Amino acid sequence: MSTVMDRINDKISFKPVPYSREDVIRIAPALRMLLRKNETSIVVFKTNDLVSQYIEDEKEFYSIFSPIKNNQILNKILIPAYIVKYKDIDKQYRVIKEELNRRMDVNIIAIQDTGVFSWGGTKVAADKRMALFLDLVKVKKYSSLNNKINFSEIENTLFQSYGKVVLESQRVEKNLSEKIAIVTGAAQGFGKGIAESLAKEGANVILADLNEDMARENASKLNREYGQDYLYVCPQGKFLKNLLCIPPL
């Protein structure tokens, strides 16, 4: 069964466009340095006919992210910034530095008339972040052609495809043994997978879900597998209202 993104990919494709390789070589190292959070800092660059069109204007660029504006996880994966292009490279550096010092959480940066850079603590994370951005560009173009589009389906499809990268984007250290992680929707599906990945890293995990029985079952399973006894079940409604958590029996 084809997904909504399969249908969009059938109709929308990218075409290469010329760009200044010299500008990219000058800008990329500055972005790697300014965005660096750990020992590794990777920046990936892309441009094409549609990206080039949508980064001519700041408002147009930010509109690309409309389909995921209400998804808290996808919003953490893509945190955009738009930077005006300057011919003077020193001024360009100053503008980039000011913007990124003001917004330290940025990880997808459009440079007007140049292209888009995605940041990641690993190459995989940077590539996935860029892939998600490019899918959103296709969604914007597809919807602009008066095609009927179900944005809830789009959001769900993109969440399933790219959601796991949030682990990398939130990770401060490789070793999470002294960290506490709260995972919502952790009884099954994607949330369950995140909880397991965090447990593998040694984190103390709180599983929050409306389905308390399934969350308890998952917590018990993870405790048995990783021998921690640090995984707790928290009914999501109580957690959100009263910050109450219940240790597993």
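Observations
- Any chance Arg94 is farther than 30 Å from Ile149 by Cα, at pLDDT 90 or above, surrounded by fewer than 17 Cβ atoms within 10 Å (Cβ to Cβ) and among the basic types (Lys, Arg): yes
- Selection of the stretch 13-58 for residues being in a strand (DSSP E or B) and either modelled with pLDDT under 90 or farther than 17 Å from Pro80 by Cα (or both) yields only Ile42.
- Residue in the stretch 53-74 that is out of contact with any helix residue (DSSP H, G or I) (no Cβ under 9 Å at 6 or more places or on another chain) and among the hydrophobic types (A, V, I, L, M, F, W, C) present: no
- Pairs meeting the criteria (first residue in the stretch 181-210 and on the phi > 0 side of the Ramachandran plot, second residue not in a strand (DSSP E or B), beta carbons under 7 Å, at least 6 apart or on different chains) are Gly185/Gly191; Gly202/Asn175; Gly202/Leu176; Gly202/Ser177.
- Of all residues assigned to the stretch 179-192, at least one qualifies as being surrounded by 18 or more Cβ atoms within 10 Å (Cβ to Cβ) and either assigned to a helix (DSSP H, G or I) or modelled with pLDDT of 90 or more (or both).
- Hits in the stretch 59-81 (condition: surrounded by fewer than 17 Cβ atoms within 10 Å (Cβ to Cβ) and among the aromatic types (Phe, Trp, Tyr)): Tyr62
- The lone criterion from (1) surrounded by 19 or more Cβ atoms within 10 Å (Cβ to Cβ); (2) in contact with a Leu (Cβ under 7 Å, 6 or more places away or on another chain); (3) part of a helix (DSSP H, G or I); (4) not acidic (Asp, Glu) left unmet by Ile109 is number (3).
- Pairs where the first residue, in the stretch 113-142, is closer than 19 Å to Glu155 by Cβ and the second is in a loop (DSSP other than H, G, I, E, B) and aromatic (Phe, Trp, Tyr), C-beta under 9 Å, 6+ apart: Phe133/Phe65; Leu134/Phe14; Leu136/Phe65; Val137/Phe14; Lys138/Phe14
One line per residue, one yes/no per condition, for (1) touching a residue at least 24 places away in the same chain (Cβ under 8 Å); (2) within 20 Å of the chain's Cα centre (by Cα); (3) over 15 Å from Gly115 (Cβ atoms); (4) assigned by TED's automatic domain parsing to the domain that holds Leu145:
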| site | (1), (2), (3), (4) |
| --- | --- |
| Ile12 | yes, no, yes, yes |
| Asp23 | yes, no, no, yes |
| Ser41 | yes, yes, yes, yes |
| Lys46 | yes, yes, no, yes |
| Ser52 | yes, no, no, yes |
| Ile68 | yes, yes, yes, yes |
| Ala81 | yes, yes, no, yes |
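The values are calculated or read from the model by the stated rules, or taken from the named source; none is laboratory data. None of the values given here were measured: they were computed from a predicted structure. Cβ atoms come from the backbone with ideal geometry, glycine included; neighbour counts cover every protein chain shown.
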